[in-house]
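Report on the structure given below.
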Amino acid sequence: MILLPSLLAPIPLCPPCVSGCKTKTIKLSSSNYSSFGWEKAKYVHGVAVNSAQEGHNAEPEFQVLAAVRSAYNDIVIVDTPESRMLLLDSTHNVHSIFNKGEKWTGSYWDDFASLPAIVPKGPIAIFGLGGGTAAHLMLGVWPSLQLEGWEIDHILIDKAREFLGLADLEKQTSGGGILNVHVGDALSPLTTVPGGYAGIVIDLFSEGKVLPQLQEAEIWLELNNKLMPNGRLMVNCGGGTSDGSFSPGISSTDSSWEQNSTIKAMCEAFSRQVGTSFIQFFSLQRALILCQTSRLNWKKLPKAEGENYLAITGPLPDLTSWSAALPDRLSSSVRQWQSCRPL
């Protein structure tokens, strides 16, 4: 998710029964973006999307390809010369990007493509598929992957197939990889596969915030149980506020994982795996110290990439070998991961 305030507020939304909306071109004054830097980056779902118009004063022009209200979202898809973007809910945050040229987004979606290098062979789930940005990147780097994408909004999926290239991912690649799309609640007990997932990418937001369920320790234990042995969760934990949203009041220099409520909930959950007796006899803080050295890792993206907090479960991977297994675009960024130790 990338924060892009006031982008499309005036656009009327069609009811779900309308199969299509007339495309509409709108011009946006650059003054609309002065507070968050249109010339440098646009923030979406907590991500920064680099603009090809950097350094230019021309007013950006968007064509609205779809604008519809579903039971779960206000869905808007806009087209620019460089990309198409999926904007959701009343915040009009960007939840997916479909680039027309350069495949990398310059945001947290790129990091998701590094996960297959550190998990066993097997199916990888995407909880919060959206328009398929992570799936595009992952299959581009790892064309033999079996991806299982879960998204709760079937209208969103229909629009992503029509405008964001999602349908192409549902066809088998030359390497045998494929995205299987499932419509349903990603947090349901039914989102499992026999033998467990090798990895699960978790990118679940609503109204610009991490889903409230993800602030509870119990849900992380349930998600962890969906994994095969040595499997991992990789999570977009949002910003450094109590609900994982993004606030201009949070300094980009404050990189402590303790600022992020989702990572704290994960630490609590995995400390419980050390043993309930430990939790009963020691303080939660002491439990966190024990589990953080080996079971949970984090990084915070730089300001230019959205300042998202990300988390990976399991032991901290060998960063040298992980880096060597990845394309150049990802090889340096994985070296920023570190174990969750109190500062």
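The values are calculated or read from the model by the stated rules, or taken from the named source; none is laboratory data. Everything numeric in this text was worked out from a predicted model, so none of it was measured. Don't worry about glycine lacking a Cβ; one is built from the backbone with ideal geometry, like all the others, and counts go over all protein chains shown. Keep in mind that these areas ignore ligands, DNA and RNA; they rest on the heavy atoms of the full protein, side chains included. Shrake-Rupley method; radii C 1.70, N 1.55, O 1.52, S 1.80 Å.
Descriptive notes on the structure:
- Nearest-0.05 FRET efficiency for Trp104 and Arg69, computed from C-beta distance (R0 35 Å): 0.65
- When the solvent-accessible area of segment 87-220 is split by element, carbon and sulfur atoms take up 53 percent of it, the probe being 1.4 Å.
- Here the spin labels are modelled as points 7 Å beyond Cα on the Cα-Cβ line, and at Ser144 and Thr320 they lie 2.6 nm apart.
- Net +/- balance of residues flanking Ile118 in space, Cβ distance below 10 Å, scoring K and R +1, D and E -1: 0
- Separation in nanometres of the label points that stand 7 Å from Cα toward Cβ, at Ser256 and Glu216: 2.8 nm
- Top positive-direction residue, dipole computed over segment 52-182 with Cβ charges, set Ile178, Ile152, Ile126: Ile178
- For Gln336 and Asn230, the difference between the fully extended length at 0.36 nm per residue and the C-alpha to C-alpha distance is 36.0 nm.
- Potential extension, Lys121-Glu61 segment - 0.36 nm per residue separation minus Cα distance: 17.3 nm
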